[in-house]
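In what follows, a single structure is set out as structure tokens and then discussed.
The values are calculated or read from the model by the stated rules, or taken from the named source; none is laboratory data. All values reported here derive from a predicted model rather than from experimental measurement. Here the Cβ positions follow ideal geometry from the backbone for every residue, glycine too, while neighbour counts run over all protein chains shown. Protein only, heavy atoms only, side chains kept; ligands, DNA and RNA dropped before computing areas. Shrake-Rupley method; radii C 1.70, N 1.55, O 1.52, S 1.80 Å.
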Amino acid sequence: MPEERLNKPHAIIVMGVSGCGKSSIGEKLAAALHLAFIEGDALHPAANVEKMSKGIPLTDEDRMPWLDRIGEDIKVSLEYGEGIIVSCSALKRIYRDRLRAAAGGNLFFVYLEGSKALLTKRMDERKGHFMPISLLESQLATLEVPTGEPGVVTVDIDDTIDGIAATALKGLASLGVTG
């Protein structure tokens, strides 16, 4: 199966809780692999953004239309023969499996992992983002770590953006994903 994946365009989701660097790393990987990048947060329905802005955690029901939209964008990109990178928290296995199904199985995940202290510090430093620090606890409680799932690269975020991206690229290369 991995050989078959190499002959097709691939999709990569940069995942993790808020503050882990999904957007920054997604952009770096997209540049290195010459793929389009989509900011998954931009695909949230307005009602989701409003809830999160008020510090209200999203439910599975809130997330499903958003995940379906991301899955559709991935599917369309792959059908056009183009790879794509999307930032998406993808906190639960059922979310990742839903995205895998939409992508036709040709999907990889880069899981950005970090301590609560580091995540809190990063969220505190960013400006103009709708996600308040208060929701980090909810996201950490919801997170089902993807260890052992197929096509997942786990990267510790206690490094520079360039260092994290380089580690992610090495992990992806070990799975057969190259630029």
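Tabulated results
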quantity: Among the residues listed as ALA46, ALA101, the single one being open to solvent by 50 Å² or more (accessible area, probe 1.4 Å), more than 20 Å from GLY21 (Cα to Cα), touching a residue at least 12 places away in the same chain (Cβ under 8 Å) and not basic (Lys, Arg); calculated: ALA101
quantity: Any hit, the range 110-128, residues being more than 22 Å from MET52 (Cβ to Cβ), at pLDDT 95 or above, aromatic (Phe, Trp, Tyr) and under 17 Å from the mean Cα position of the chain (by Cα); calculated: no
quantity: Odd one out for SER89 among (1) farther than 22 Å from GLU149 by Cβ; (2) touching a residue at least 60 places away in the same chain (Cβ under 8 Å); calculated: (1)
quantity: Subset tally (residues that are farther than 14 Å from ILE12 by Cβ, open to solvent by less than 30 Å² (accessible area, probe 1.4 Å) and of a type in the set (Gly, Ala, Ser)) for the range 147-169; calculated: 1
quantity: VAL17 part of a helix (DSSP H, G or I) and within 17 Å of ILE70 (Cβ to Cβ); calculated: no
quantity: Filtered residues of the range 80-102 (kept if more than 23 Å from THR59 (Cα to Cα) and either over 13 Å from the mean Cα position of the chain (by Cα) or modelled with pLDDT under 85 (or both)); calculated: TYR80, GLY81, GLU82, GLY83
